[in-house]
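Peer 1: Here it is, the structure in full.
Please treat every number below as a calculation from the coordinates, not as lab data. Nothing here was measured: the structure is a model prediction, and the numbers come from that model. Cβ coordinates were reconstructed from backbone atoms using ideal geometry, including for glycine residues, and neighbour counts include every protein chain displayed.
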Ligand code: GDP
């Protein structure tokens, strides 16, 4: 456990293992990404930019029982059947950590290839919610700091009024009672959920949004309290639960899952954030900087201790669902994500792994089209809506210069993607696949080449 892929090979532990972490906030596209990546590594007809697929050195790929007995297996077969069956639909999303092992048979290339014989590389894909990664920022805070920070920015956010109402009337000398604790935690969780749906990314504690088997446990039954309640029983108990959340929920996640990752892809619904407006874009770039902090070599003491000399070697930030745009706008999407990444690197003072930004669609649900409107020709995409109708849409425009979006104060806030974007609920398209082809995608092969190409 915890030994890097190259090291494993160096020490003669047998076949090399690459642990690929896949994360992103809820609905960013993790489940679709993993399902399509695995299907396209098994059937490589659409993976030309993955060098090992194009030159034929990747001979076969097959699923194996995954080696971690207590981690749920990623339900690949069910998700693939949903996406590619006779009535294609989107699979159920990520709700917890899960894992899958894909083994790849490689025929060595080059001068001495005949001497070395084929090799097997295991790709362990670990799927985990980005909300849990963002909990990292809680680790340096105590309950008082966290409460003050949350309550100072809560005004104006969805569900804030209800939570503040729930707080009013509490008295510091009150005794602790569980129904009050539950009422507060429920109101705070409802606020977090509404905030997340409105496009904010900084929603801690992340496990409140995706509780898994911890739902209803004391470690998830607390909420931020104003300073005025300090000294009371409720405050004391919530402070204790906050500490338990850090030591019993956040830390084990980093130890058991995060600490063992070699390569990471962070999926970001950039289009969704842009469509939501400047606040969501600002929040997205703060979240990206926070995520990079987790991967920074000079990170917080306890994490450095946990990771030892281990290091994530490559991190890909991928803007998902690029099939909502005509390809003529893809460069703009990539430029926006690259500019955000550059900024996030500066903010997080990041000088660790190789990073890259890319616009992808793990499952392409559209074809391109032109809409003629009042003498204009709009570059559109056509697809099947979730209600079965076929329709072509123009999502609206992305700015040619990312700074128009990232510095709205300087360049004047403007609405982007204000065309049909809101109604573009495409379902996966029914597929007629040639034998040997995986599901259709956009640049999934480039993403794979960046993430694992050097190991194949
Ligand atoms: P998760 O919560 O991160 O696991 O997200 P999912 O993988 O379940 O994706 C959430 C939703 O985003 C899906 O139900 C689809 O509606 C949409 N989606 C994800 N990937 C794509 C894609 O490549 N193309 C399109 N058009 N939609 C996608």
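Peer 1: Relative contact order for the chain: what is it in percent, counting Cα pairs under 8 Å that are at least 6 residues apart?
Peer 2: 20
Peer 1: So what's the gap between the Cα centers of the range 143-212 and the range 13-78, to the nearest angstrom?
Peer 2: Each part's Cα centre sits 38 Å from the other's.
Peer 1: How far, in degrees from 0 to 90, does helix 233-244 lean away from the longest principal axis of the Cα atoms of the chain, to the nearest 10?
Peer 2: In the chain, helix 233-244 runs at an angle near 20 degrees to the longest axis.
Peer 1: Rounded if a/c is under 1.5, else prolate if a/b beats b/c, else oblate: with a ≥ b ≥ c from the C-alpha gyration tensor eigenvalues square-rooted, which is the chain?
Peer 2: Oblate.
Peer 1: Another question about this same structure. With both bridge residues required to lie in the chain, what share of the DSSP beta bridges run antiparallel, to the nearest 5%?
Peer 2: The antiparallel fraction comes to roughly 55 percent.
Peer 1: Shifting gears a bit: Run the quick spin-label model on residue 354 and residue 390: label points 7 Å from Cα toward the beta carbon, then report their separation in nm to one decimal.
Peer 2: 4.2
Peer 1: For the range 175-282, calculate the relative contact order in percent as a whole number, restricting contacts to Cα pairs under 8 Å that are 6 or more residues apart. Let's see the in-between values first.
Peer 2: Numbers: 62 pairs, mean separation 32.8, N = 108.
With pairs under 8 Å counted, the relative contact order is 30 percent.
Peer 1: May I ask for the angle, rounded to the nearest 10°, between helix 143-153 and the longest principal axis of the chain, with both axes built from Cα atoms and the value confined to 0 to 90°?
Peer 2: The helix 143-153 is inclined about 80 degrees to the chain.
Peer 1: According to a simple spin-label model (label point 7 Å from Cα along Cα-to-Cβ), what is the distance in nm between residue 418 and residue 437?
Peer 2: 3.9
Peer 1: Can you give the calculated 222 nm mean residue ellipticity of the chain, where each DSSP H run of n ≥ 4 adds -39,500 (n - 2.57) and the sum is split over every residue, rounded to the nearest 500 deg cm²/dmol?
Peer 2: The per-residue figure over the chain is -10500 deg cm²/dmol.
Peer 1: Still on this model: Going by how many other beta carbons lie within 10 Å of each one, how would you line up 106, 452, fewest first?
Peer 2: The most exposed by this proxy come first: 106, 452.
Peer 1: Oh, and also: To the nearest 0.05, how large is the calculated FRET efficiency for residue 302 and residue 374 if R₀ is 45 Å and r is the Cβ-Cβ distance?
Peer 2: Efficiency for this residue pair is about 0.15.
Peer 1: Over what distance in Å are the Cα centres of the range 239-282 and the range 321-346 separated?
Peer 2: Taking the Cα centre of the range 321-346 as reference, the centre of the range 239-282 is 21 Å away.
Peer 1: Which residues does a label at residue 227 reach in the range 117-146, if reach means a backbone N under 13 Å from a point 7 Å past the Cα toward the Cβ?
Peer 2: In the range 117-146, the label zone of residue 227 (backbone N under 13 Å from the point 7 Å along Cα→Cβ) covers 144-146.
Peer 1: How tilted is helix 278-295 with respect to the longest principal axis of the chain? Cα atoms for both, answer in degrees (0 to 90, nearest 10).
Peer 2: Helix 278-295 sits roughly 80 degrees off the main axis of the chain.
Peer 1: Place the peptides 143-153, 84-94 in order of packing, highest mean first, counting for every residue the other Cβ atoms within 10 Å and averaging per peptide.
Peer 2: Highest-to-lowest ranking by the protection proxy: 143-153, 84-94.
Peer 1: Evaluate the relative contact order of the range 76-148 (contact order divided by residue number), counting alpha-carbon pairs under 8 angstrom at least 6 apart; express in whole percent.
Peer 2: Details: 68 pairs, mean separation 18.6, N = 73.
Relative contact order of the range 76-148: 25 percent.
Peer 1: Within 10 Å of each residue's Cβ, count the other Cβ atoms and sort 328, 120, 23, 189 from fewest upward. Numbers along the way, then the final one.
Peer 2: Details: 328 9, 120 15, 23 26, 189 20.
Ascending Cβ contact count within 10 Å gives the list 328, 120, 189, 23.
Peer 1: For residue 139 and residue 454 in one chain, what is 0.36 nm times their gap in residues minus the Cα-Cα distance, to one decimal in nm?
Peer 2: Gain on extension, residue 139 to residue 454, equals 110.0 nm.
Peer 1: Here's something else I'd like to know. By counting other Cβ atoms within 10 Å of each Cβ, how are 251, 373 ranked from fewest to most?
Peer 2: On the way: 251 16, 373 10.
Starting with the residue having the fewest Cβ neighbours, the order is 373, 251.
Peer 1: Please give the contour-minus-distance gain from residue 75 to residue 149: 0.36 nm per residue of separation, less the Cα-Cα distance, rounded to one decimal in nm.
Peer 2: 22.8 nm is the gain from fully extending residue 75 to residue 149.
Peer 1: If I take R0 = 25 Å and measure r between the Cβ atoms of residue 217 and residue 173 in this structure, what FRET efficiency does the formula 1/(1 + (r/R0)^6) give, to the nearest 0.05?
Peer 2: On the way: r = 27 Å, r/R0 = 1.09.
About 0.40, to the nearest 0.05.
Peer 1: Which order do the peptides 192-200, 285-293 come out in when sorted by mean C-beta neighbours inside 10 angstrom, highest first? Mind showing how you got there, number by number?
Peer 2: On the way: 192-200: 18.4, 285-293: 21.1.
Highest-to-lowest ranking by the protection proxy: 285-293, 192-200.
Peer 1: Going by a ≥ b ≥ c, the root eigenvalues of the Cα gyration tensor, does the range 181-287 fall in the rounded group (a/c under 1.5), the prolate group (a/b larger than b/c) or the oblate group?
Peer 2: Oblate.
Peer 1: Calculate, for residue 49 and residue 190, the FRET efficiency according to 1/(1 + (r/R0)^6) with r their C-beta to C-beta distance and R0 56 Å; round to the nearest 0.05.
Peer 2: E between residue 49 and residue 190, to the nearest 0.05, is 0.80.
Peer 1: Still on this structure, I have one more. Between rounded, prolate and oblate, where does the range 344-456 land on the alpha carbon gyration tensor, with a ≥ b ≥ c its root eigenvalues, rounded for a/c under 1.5, else prolate if a/b exceeds b/c?
Peer 2: Since a/c reaches 1.5 but b/c is at least a/b, the shape of the range 344-456 is classed as oblate.
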